[in-house]
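Q: The structure is given below, and queries will be raised subsequently.
Read the figures in this text as sums done on the coordinates, not as results from a lab. What you see is a predicted model, and the numbers here were worked out from it, not measured in a lab. We place every Cβ from the backbone using ideal geometry, glycine too, and count neighbours over all the protein chains shown.
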Ligand code: 8YV
């Protein structure tokens, strides 16, 4: 914690909503990124040498090498985003740099997008939406054309029953899906009751029994390729996989292989292992209408981006006033 006599120098790596930047200008000595180009690691390093506070996003890889060269003033990394897997938090904490994130404010939007992907894949929404603009609706309606799969009555397996997993469960329940989940810890009985949720201690057993799998856990060393080739093979051939968390939680190559072979029926992915690069195999599957691919849009609403900015400001302000910021990442969370 710190209390500076001068205004802290805050470097923000990407353009943020206008109202957020305007408030930051009032409170801090601020360096913004007007053209919004992602920063190179050289530019990041220069920023980290000078800044009191860095405000990065998911597009900034802040590894131990960069952290080792951070200047003595850098005391806080106030991440604009919930996931902090792009930051070597352990290395930051070791250097006495506090790391904060923006939990809670993107929960509902991300759950909405997860539901949208489930529906899009099951009911072939994106495939269908291309037909009229491409002037391809030539034969008109037919009883056996563009058939998808009903979601009501199916089993949804949620991997990671945190805030977003639970928000998804609430929505999915209303759509008539039965809720199954795997989590490091079982959620309180009251939440299970409210969601009619069935806990599976064994992820393998759950995967073999559900129709739709949704990844909603953070990416940590423990969840890297949690959906490995072996586990993906446990899925039923009619199963659909949805991921709005982090690409690294699924072995993407294995997923593409199983989709190509028809051993899994479809996938809806908002996140990828090597963003912004996406496996050409997945792109080909998307063109063939087997998968729906979105460019990391889970929390992309005006409202959530403003709320995320507000959280960043609160974290910086609290820290600079000498208090513990509300959204600190603690070693136990890694
Ligand atoms: C954000 C996300 O857009 O918050 C997260 O973890 O994945 C996204 O919804 C992104 O991280 C902003 O940095």
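Q: Kindly indicate whether residue 165 is more than 30 Å from residue 310 (Cα to Cα) and without any contact (Cβ under 8 Å) to a residue 60 or more places away in the chain.
A: It is false that residue 165 is more than 30 Å from residue 310 (Cα to Cα) and without any contact (Cβ under 8 Å) to a residue 60 or more places away in the chain.
Residues are listed down the side, and each one gets a yes or a no for (1) in a helix (DSSP H, G or I); (2) in contact with a helix residue (DSSP H, G or I) (Cβ under 7 Å, 6 or more places away or on another chain); (3) away from the ligand (no atom under 16 Å from the Cβ):
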{"residue": "289", "(1), (2), (3)": "no, yes, yes"}
{"residue": "295", "(1), (2), (3)": "no, no, no"}
{"residue": "306", "(1), (2), (3)": "yes, yes, no"}
{"residue": "309", "(1), (2), (3)": "yes, yes, no"}
{"residue": "315", "(1), (2), (3)": "yes, no, no"}
{"residue": "325", "(1), (2), (3)": "no, yes, yes"}
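Conditions tested, residue by residue: (1) under 26 Å from the mean Cα position of the chain (by Cα); (2) away from the ligand (no atom under 16 Å from the Cβ); (3) part of a loop (DSSP other than H, G, I, E, B); (4) surrounded by 22 or more Cβ atoms within 10 Å (Cβ to Cβ).
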residue	(1), (2), (3), (4)
73	no, yes, yes, no
93	yes, yes, no, no
99	yes, no, no, yes
121	yes, yes, no, yes
127	yes, yes, no, no
141	no, yes, yes, no
148	no, yes, yes, no
157	yes, yes, no, yes
172	yes, yes, no, yes
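Q: Report yes if some residue within the stretch 9-26 is under 22 Å from residue 222 (Cα atoms) and within 13 Å of the ligand (Cβ to nearest atom); otherwise report no.
A: no
Yes/no per residue for (1) surrounded by fewer than 17 Cβ atoms within 10 Å (Cβ to Cβ); (2) closer than 25 Å to residue 153 by Cα:
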{"position": "257", "(1), (2)": "yes, no"}
{"position": "262", "(1), (2)": "yes, yes"}
{"position": "275", "(1), (2)": "yes, no"}
{"position": "281", "(1), (2)": "yes, no"}
{"position": "287", "(1), (2)": "yes, no"}
{"position": "304", "(1), (2)": "no, no"}
{"position": "312", "(1), (2)": "no, no"}
{"position": "324", "(1), (2)": "yes, no"}
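Q: Within the stretch 175-195, can you find the residues that are part of a loop (DSSP other than H, G, I, E, B), without any contact (Cβ under 8 Å) to a residue 24 or more places away in the chain and touching a strand residue (DSSP E or B) at 6+ places or on another chain (Cβ under 6 Å)?
A: 186
Q: Considering only residues that are more than 21 Å from residue 300 (Cα to Cα), touching a strand residue (DSSP E or B) at 6+ places or on another chain (Cβ under 9 Å) and without any contact (Cβ under 8 Å) to a residue 60 or more places away in the chain, which ones fall in the stretch 17-40?
A: Once the filter is applied, which keeps residues that are more than 21 Å from residue 300 (Cα to Cα), touching a strand residue (DSSP E or B) at 6+ places or on another chain (Cβ under 9 Å) and without any contact (Cβ under 8 Å) to a residue 60 or more places away in the chain, the stretch 17-40 yields 29, 30, 31.
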